[in-house]
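All of the numbers you see were taken from the coordinates with simple rules; none came from a lab. The structure presented is a predicted model; accordingly, all values stated were derived computationally and were not measured. Cβ sites come from the backbone with ideal geometry, for glycine too, and all protein chains shown count toward neighbours.
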Amino acid sequence: MSDQITKLPDDFFFGAAMSGPQTEGMWQGMGKLENMWDLWSNTDIRAFYNRVGSYAGNDMGARYAEDFKMLHELGLSSVRTSFQWSRLLDANGKLNREGADFYHKMLAAAKEAGIELFVNLYHFDMPAYLFRRGGWENREVVEAYATYARTAFEEFGQEVTYWFTFNEPIVEPEQRYEHANWYPFIHDYARARNVQYGISLAHALAVDAFRTLQASGAVRADAKIGLINCFTPPYTRENPTPADLEAVRMTDGIHNRWWLDLVTKGALPTDVIETLAQRGVTLPVRAGDEAILARGVVDWLGFNYYQPVRVQAPAADTDEFGNPCFADPYKWPEAVMNESRGWEIYPRGIYDFAMKMTRDYPQLEWFVSENGIGIEEHNAARDANGCIQDASYRVPFVRDHLRWVARAIDEGAKCRGYHYWGVIDCWSWNNAYKNRYGFIEVNLQDNYNRHLKESAEWLRKVATTHVID
């Protein structure tokens, strides 16, 4: 990268990203209900790396006070986590007081440590009993989520300034219903889009509840609401055919523009919906849905970025399951890979997305809400004192992304901050602890105790000086 910008604005914030189901543990504690990860863990623990299921977390439920202090000592000023629907409400959709008190204590501990806690309401962890009723395909479950959101706003409206309705709402439709990587392992493109539509309605209903309660004074006047998604800048090969460009359009439409239009225009992209219908994928639209979606406009946006997506024209119109194909993967010959995850490392993608935002959605403020690198077999790099030697790969990964962020800001992007995913190692779905993301180690052989990795001092320096070296 030429003309490197090495200084971020003084008001640019640094923080940590995490989630309730991946950190809290206590999977049956405080009246918590079974969620989707508990259901899968209890159904087939062999599907989880080293048979470490949803019970694990990283013990933050017991350690949040010391964790917040440690993060503040690294120069971080904010942490994004999630409330668990299955912990905050009971099976009747009413407030679970034990769960609510747990989150009140967590918020108080964050404040005492000098940490602003950003609260996300959903991180792939639907209560299992609601999934059994149809999940996001059932309008009653969509309404149940709206009730959950409303209850959270009412209970914590004076304590929380920054709310988010969903983290990565594209992921569940893909992982559970399209690619069949997650329980219940369904290969049905049309159902995936129906789930995506249900989530879109749920988001809009939650935003509407937030606005109503803010107007009444139940939510603090300076509070903001947003949505977080893993936006994936799409690329294709050099000298693309019209069919390659069509693959880019639909990939961008489903993964990115669907959510960007929803949160800025209160509508879904017409061209995408029309193309879906032409291929036999009809969304379950009801009278009044247009007015619901119109309420989905947010105050700001979280952008999770790990990798780009590279596509080309599909070789066939349908896949082996009879689902429509809109694009095939394209393997870029120059790709640099994180072999532990099979993900491409492409820092420039964060800049390209920023420029897309500046061009197409110029009114919307945003921040990098997740970015990080997970590496397998990290114990091989432990020094004689027991410290994980990770600076050789973690520092350049973050540094190179931050330099592109700084350049984007210099060119007009409204990027306000950066949250690193997994500053403290955490449980990562069915990968469990296979790949480690943290600047802080969680030692599973030492009762979940925390230890700074080699890279931590670099993070402290950047977070406190805003100089990227």
Estimated distance in nm for a label pair at Asn92 and Thr161, the labels positioned 7 Å out from Cα along Cα-to-Cβ: 3.7
Added length on full extension, which subtracts the Cα-Cα distance from 0.36 nm per residue, Asn431 to Glu365: 20.5 nm
Residue exposure sequence - Ser19, Ser392, Ser428, Ser340 - by fewest surrounding Cβ within 10 Å: Ser392, Ser340, Ser428, Ser19
Karplus-derived 3J(HN,Hα), 6.51/-1.76/1.60, for each residue of the range 398-408, Hz, glycine and proline x: 5, 4, 5, 5, 5, 5, 5, 4, 4, 5, 4
Amide N of the range 31-62 lying under 18 Å from the label point, which is placed 7 angstrom from the Cα of Arg382 along Cα→Cβ: 50
Note, ³J(HN,Hα) from phi for the range 325-331, Karplus 6.51, -1.76, 1.60, rounded to Hz, x at Gly and Pro: 10, 10, 6, 10, x, 10, 8
Label-point gap, in nm, between Ala277 and Trp343 - each point 7 angstrom along Cα→Cβ: 3.6
Length released on extending from Lys111 to Thr318, taking residue separation times 0.36 nm less the Cα-Cα span: 69.3 nm
Environment charge at Pro9 (Cβ cut-off 12 Å; Lys +1, Arg +1, Asp -1, Glu -1): 0
Percent RCO, i.e. relative contact order, over the chain, from Cα pairs under 8 Å lying at least 6 residues apart: 18
Distant-in-sequence amide H partners of Phe118 (H built 1.01 Å from N, under 5 Å): Val79, Arg80, Thr81
Dipole in debye (nearest 20) - the chain, about Cα centre, beta carbon charges: Lys, Arg +1; Asp, Glu -1: 480
Of all DSSP beta bridges in the chain, antiparallel share, percent nearest 5: 30
Linear extension gain, Glu66 paired with Asp410, 0.36 nm per residue minus alpha-carbon span: 120.2 nm
